[in-house]
1. Pull up the range 94-105, narrow it to residues that are touching a strand residue (DSSP E or B) at 6+ places or on another chain (Cβ under 8 Å) and surrounded by fewer than 14 Cβ atoms within 10 Å (Cβ to Cβ), then point me to the one that is farthest from SER66 (Cα to Cα).
2. Looking at (1) at positive phi; (2) in a strand (DSSP E or B); (3) of a type outside the set (A, V, I, L, M, F, W, C), which one does TYR160 not meet, given that it meets all the others?
3. For residues in the range 47-65 being in a strand (DSSP E or B) and either of a type in the set (Lys, Arg) or out of contact with any Ser or Thr (no Cβ under 9 Å at 6 or more places or on another chain) (or both), which is nearest to ALA268 (Cα to Cα)?
4. Assess whether VAL184 counts as being out of contact with any strand residue (DSSP E or B) (no Cβ under 9 Å at 6 or more places or on another chain) and either under 16 Å from SER257 (Cα atoms) or assigned by TED's automatic domain parsing to the domain that holds SER257 (or both).
5. Would you say LEU126 is crowded, with 16+ Cβ neighbours inside 10 Å, in contact with a strand residue (DSSP E or B) (Cβ under 9 Å, 6 or more places away or on another chain) and part of a loop (DSSP other than H, G, I, E, B)?
6. Under 6 Å between Cβ atoms, at least 6 apart or on separate chains: pull out the pairs that start in the range 79-106 with a residue that is more than 23 Å from GLY120 (Cβ to Cβ) and in contact (Cβ under 8 Å) with a residue 24 or more places away in the chain and end on any residue that is part of a strand (DSSP E or B) and among the acidic types (Asp, Glu).
7. Test of understanding: among LEU144, LEU85, which residue is touching a Ser or Thr at 6+ places or on another chain (Cβ under 9 Å), closer than 21 Å to GLY48 by Cβ, surrounded by 14 or more Cβ atoms within 10 Å (Cβ to Cβ) and among the aliphatic types (A, V, I, L, M)?
8. State yes or no: is SER113 in the same structural domain as ALA246 (by TED's automatic domain parsing) and buried (at least 20 other Cβ atoms within 10 Å of the Cβ)?
Amino acid sequence: MMRDFRNAGRILALLTAFFSLPAMAADVEPEAEADFAPQLASIEVTTGWYLRGDVGYNADMRAGGSSYRTFDSGLYTAHNGAGSLSRKLTFDLGVGYSFTDMFRADVTLGRISSAFEGTGSCDPSLPSNCSRYSSSDFTGYSALANVYVDLGTVIGFTPYVGAGIGYTYLSWDDFESRHLCGGVACAGNAGASHPGESDWRLTYALMAGVAYDITPKMKLDIGYRYTNVDGGNMHGWDAASAAAGATGIQAADDGFSTHEIRVGLRFAFW
């Protein structure tokens, strides 16, 4: 009898262990899934690169002084001149990188043009009441490296300040000069054409403005830029002076500065 009870106990223990296995597996399985399930996370990568395009208007474009020489009977005479520049649109394209929320930098390529009107003294061989007038156009292509500090964003508006430095390749068209004596063309020397010169000029700029977030990737940029272009060569000698022995550059300018109002767009690509 005791033997039968012992056998029955063993069978009951085995059955209890058998039916408890699914419950134990259910307890272990979630932990195993937690250990071996792949961990997925959303990662947003921001490169900080952007493209920009700007159009500017020269609200104030000021020419520096100029100097030129006249040639008569083998002698050079130095003169000083003055002039004014017309106001025209400027155009810029660039690519940049935002390093932080406050600091960014870009490289821009720009185009500027203007018309020049100048006055000065005549050749000493002409009457004392003679006045010299000259005119020409120029086109400049600039390459500037710029840095900016963004001063924080409030309801989508971000004010900034910046500075840039680089070079401008300035190319003058041919100059046309006129000599007026008492208000009429001087006898025997009414005017001449002078070949324009081209050269590279050191350029720097100071900027300030505000950008507005049109979308997370596009900003409207409205700002001011002051640009200073160093002086350089303006034009060579007219054909008659060159034939008489005049050599070198006849005229040079002291450079010019511009005060621009600019509107542009910046496109971030991520």
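1. ASP101
2. So TYR160 meets the others, but not (1).
3. LEU51
4. yes
5. So LEU126 fits the description; yes.
6. So the pair list comes out as ASP92/ASP54; GLY94/ASP106; GLY96/ASP106; MET102/ASP150.
7. LEU144
8. It is false that SER113 is in the same structural domain as ALA246 (by TED's automatic domain parsing) and buried (at least 20 other Cβ atoms within 10 Å of the Cβ).
The values are calculated or read from the model by the stated rules, or taken from the named source; none is laboratory data. Remember, predicted model here, so these are calculated numbers, not experimental data. Every residue, glycine among them, receives a Cβ derived from its backbone with ideal geometry; neighbour counts consider all protein chains shown.
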